[in-house]
1. Can you compute the FRET efficiency between B:ASP104 and A:VAL119 using 1/(1 + (r/R0)^6), with r the Cβ-Cβ distance and R0 = 41 Å? Round to the nearest 0.05.
2. Counting only C-alpha contacts under 8 Å and six or more residues apart, can you give the relative contact order of segment A:77-306 as a whole percent?
3. Any idea what the relative contact order of chain B is, in percent, if you count C-alpha pairs under 8 Å spaced at least 6 apart?
4. Looking at chain B, which longest stretch skips every one of the GluC sites (Glu not before Pro) that is in a DSSP loop with at most 16 other Cβ atoms within 10 Å, leaving the sites themselves out?
5. Report the Cα centroid-to-centroid distance between segment A:109-184 and segment B:204-234 in angstrom, as an integer.
6. Using a 10 Å cut-off around each Cβ of peptide B:235-247, what is the average number of partner chain Cβ atoms that fall inside?
7. Helices from chain B with mean Kyte-Doolittle at least -0.5 and a Cα length along the axis of 24 Å or more, per DSSP H: which?
8. Relative to the present Cα-Cα distance, how much length would full extension add between B:LYS234 and B:LEU89 at 0.36 nm per residue of separation?
Amino acid sequence: MEGYLAAKTQLTGPNLPKSSDFQAQEPMTTLQPRPNSPLFALYSAFGFLNSCYDTEMADSVWVSSSLQAVAAETVPPRHTALVRITHWLTVLAFLALLITGVEILISHPRFYWGEAGNVNMPPLFKIPIPASRSTVPTGYGYVLPDQNGWSRYLHFQAAWLAVLTGLLYASYGFLSGHFRRNLLPPAAGLSWRSLSAVIAGHLRFKRLSDAEAASYNVLQRLTYLAVIFVLFPLVIWTGLAMSPAIASVFPGLVSVLGGQQSARTIHFFVSLLLFLFLLVHVMMISLAGFTNRMRAMLTGRINSNKEPHS
Amino acid sequence: MNKLSRRKLITTGLAATAGASGLVVADKLAQSKGLIPPDAGGLFGAGETLTYAAQRLLTRHSMAREFPRSEISKVPFVNGPPPKDDAFLKLQAGGFADWRLTVDGLVAHPAALSLADIKSYPSRSHITHLACEEGWSYIAEWTGAPLSHVLELVGVLPQAKYVVYFAIDQNWDSIDMADALHPQTLISYGLNGADLPVGNGGPLRMRLPRQLGYKNVKYITRLTLTDDLKKFGKGLGSAAPEEGYAWYAGI
């Protein structure tokens, strides 16, 4: 009976990946740590979360043709519990970092290159806004209120949350195979032809098919990889490079960037790119179906037939 | 949760217990090693404690970066006007000959040091970066007597944990003994080969290059050694947290 239900769901359910999706996937040969290694304990801990919620694990059961094991109500979630939890913790941390970052920025909206920079030195560029300090010549006749105290406290607290969440997510991503399976683009997808097809589809605002909604396309994969492995590490690095205490322990962190003020300038641009990513990310979610995507990231379920395509 | 087995429940339970007891042990250890900042209470206490503890463990003996002479900024930025009150102006008119730095608290020999006394001690200079929490910075050569030398002269009692320093303009701050005894921490009186200008904190400024500008208090007149920062002000370790700024400014 269970087998019948599962098979029926496979045939009619809108949420399950089509059999053609599996052919593209490589067989399940996830690298596992040795059973007696310390990594194994961590791996098992993630395995616990995985086995309850993970799409990929459910897929593997599916592929190994033990159809009966998957009852109709255990539709594989779009996002695992760990991905969902770390996603929302990152949202919380990033919004706090963004707001407090702007508050700190307005105390000196000028940027420099090199080690030192102040109003007696020519800036690399200025942001044409009023400042929260009277010592900065902005051309405005007024000074904004100083919000740096709580902003700096919250900026660093949120940075700890972001870094710890990021470490948890990254360990999980590597150990569970989440990065390899869900974010690493398949070799075929990286061809110019397939890339341009995806880009063309985006430019024409083509609506995604259900199969596409259950996985990430190559452009999404590349973007997420860049955000996770380039922008976030870079924003953490440049943030730490501004700390005089950290610079005393790891002077190379600063000199490689060209100096403390260069680190500050790069920190600003990387934050800008992360903010741009946030805008596009939210825009794409709205275009693709806000309710559905939110539901997927909040509960793990996708329910594409409940939201009419326009 | 269909595949929740007994083994997994036990493993998770054990992991949670280990995590919780780990936190308790970490807290005890942090207390005894002095890794809890005075402003650890409140909304931002968790982040502040993590930052201070992590940086203190990493930086106990690290040296702030020193630069070649060619990196010295043309004009050392002056942030705000010097004190305007009569006491300061009178001392300034006398060339600061009557300026005193009193050292008291948990010391064997309390003292009141003149500028000449401090200048007679072995001096140290370093070309270092001074960064403000606002974002600007400059590089200059700072000259002064190492605070560790002054502390050695007065004989610090073993129970002392912090040096609290007070300025003539009611500003005050404090540092732990790791920063107080650090070889780059100076009672500074010279900038770029001349007397420390009043605009930059002259005649005496606490100079610790591993922390941001606002810990480098200008116009200091008194050092007090203590084992408990709760005895000062609102108990937050400095005037900064009372105005919303963190006590520890290594970042």
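1. 0.60
2. The normalised contact order for segment A:77-306 reaches 27 percent.
3. 20 percent
4. B:67-242
5. Measuring centre to centre over Cα atoms gives 27 Å.
6. Counting Cβ atoms of other protein chains within 10 Å of each residue's Cβ and averaging gives 2.
7. B:6-32
8. Here the segment from B:LYS234 to B:LEU89 would lengthen by 49.3 nm.
Each value in this text was obtained by applying a stated rule to the coordinates, not by laboratory testing. The structure presented is a predicted model; accordingly, all values stated were derived computationally and were not measured. All Cβ positions, even for glycine, are placed from backbone atoms using ideal geometry, and neighbour counts span all protein chains on display.
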